[in-house]
Amino acid sequence: MRSRVLSGMRPTGALHLGHYHGALKNWVALQDQHDCFYFVADWHALTTDYQNPGQIEASVYEMVIDWLAAGIDPDKATLFIQSRLPEHAELFTLLAMSTPLSWLERVPSYKDQMGRLADRELGTYGFLGYPLLQAADILIYKASYVPVGEDQAPHVEITREVARRFNHLYPRGDKPVMTEPATLLTQTARLPGLDGQKMSKSYGNTIAMREEPAMVEQKIRRMPTDPQRVRRSDPGEPERCPVWQFHQLYSDEATQAWAAQGCRSAGIGCLDCKQPVIAAVLREQQPWRERAEAYLANPKQIQWIVEIGTERARTVAKQTMKEVRDAMGLAY
């Protein structure tokens, strides 16, 4: 029996290259090795965007199309929508009864996001409790592994603590109800945005996974380069240039050597340097666009895939909740 992996994404609409190289590429690889459950975290989207829920519905299916375009296979992985499974909310509520408040307040991303999203009213129970809702998402499927980058590892750790506490408070024979998940640290390629900052829609510096080829070329051609290379004849330094980070991800060693030497000697111009990157990104996107076309032409197929996945997930979630209620003495 293959070990189970669980991961989710907030529905923010069409995904960009940062999403692909930061998470989706790993999801595609994992589906061939594990029993993978990938879910649309629409309740999590409400923790920060509860005042603007209108765009969530369209964003859900845009995102799922990108998952499928990237190579997620619904015959290998279970794809589902979090809010279609009230069992998640029930487990969240029951875990909340015994989870110390201090555990939630010390999660690093809590204070970090409170500072970064200061323009929103985030002093809500939902925002404070979202790591516990994440824990419920994981524990209800008895996931063995949760693939995350290093910055998200504390969320898996609090899930382990919540599971341990539940099993201690509500022992159930030889086999505990909750499975403590392990962190599956994923090798995430850091792809900068077009301006050198982290690629993010909020910064307006993204290339969408299914961006039109002409727009991809235009965006990369306009990327800033080494600020000290003012004239074509000025030598540059690749380490100061956002385009170089794209070369490190997309170019082979020979192309990287050509770009680095040409930049430092002023032997090539910045537009010359960008051309192999443009070609590589367009090559990568081509199969995504082709796969997406089939789904865009038949929207009901997307809904059917999610419906089947949601029912598959429901079978597992219902069984776990039966065990939870039995352990807590709520099976009357």
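So the values come out like this:
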item	result
Output for region 246-273, where each listed residue is out of contact with any helix residue (DSSP H, G or I) (no Cβ under 9 Å at 6 or more places or on another chain) and under 14 Å from GLY196 (Cβ atoms)	none
Test: residue in region 185-196 that is among the hydrophobic types (A, V, I, L, M, F, W, C), out of contact with any Ser or Thr (no Cβ under 9 Å at 6 or more places or on another chain) and within 30 Å of PHE92 (Cβ to Cβ)	yes
Evaluation of ALA327 against (1) surrounded by fewer than 16 Cβ atoms within 10 Å (Cβ to Cβ); (2) among the aliphatic types (A, V, I, L, M); (3) in contact with a helix residue (DSSP H, G or I) (Cβ under 9 Å, 6 or more places away or on another chain) (one fails), failing number	(1)
Hits in region 242-295 - residues which are modelled with pLDDT under 95 and in contact with a His (Cβ under 9 Å, 6 or more places away or on another chain)	LEU249
Which numbered condition GLY196 misses (of (1) at positive phi; (2) open to solvent by 60 Å² or more (accessible area, probe 1.4 Å))	(2)
Search result, residues across region 29-41 that are in contact with a Phe, Trp or Tyr (Cβ under 9 Å, 6 or more places away or on another chain) and either among the hydrophobic types (A, V, I, L, M, F, W, C) or assigned to a strand (DSSP E or B) (or both)	LEU30, CYS36, PHE37, TYR38, PHE39, VAL40
Count of region 252-285 residues which are under 30 Å from LEU68 (Cβ atoms) and either in contact with a strand residue (DSSP E or B) (Cβ under 8 Å, 6 or more places away or on another chain) or β-branched (Val, Ile, Thr) (or both)	3
The listed residue being part of a helix (DSSP H, G or I) and either within 16 Å of LEU17 (Cα to Cα) or β-branched (Val, Ile, Thr) (or both), out of ILE302, ILE268	ILE302
Those residues of region 146-170 which are in contact (Cβ under 8 Å) with a residue 60 or more places away in the chain and over 15 Å from the mean Cα position of the chain (by Cα), in sequence order	VAL162, ARG165, PHE166, LEU169, TYR170
Residue count for region 271-303, restricted to those that are over 24 Å from the mean Cα position of the chain (by Cα), farther than 14 Å from LYS219 by Cβ and touching a residue at least 40 places away in the same chain (Cβ under 8 Å)	1
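The values are calculated or read from the model by the stated rules, or taken from the named source; none is laboratory data. Remember, it's a predicted structure, so these values are computed and weren't measured experimentally. A quick note on method: Cβ atoms are made from the backbone with ideal geometry, for glycine too, and the neighbour counts reach across all protein chains shown. SASA here: full protein model, heavy atoms, side chains in, ligands and nucleic acids out. Shrake-Rupley method; radii C 1.70, N 1.55, O 1.52, S 1.80 Å.
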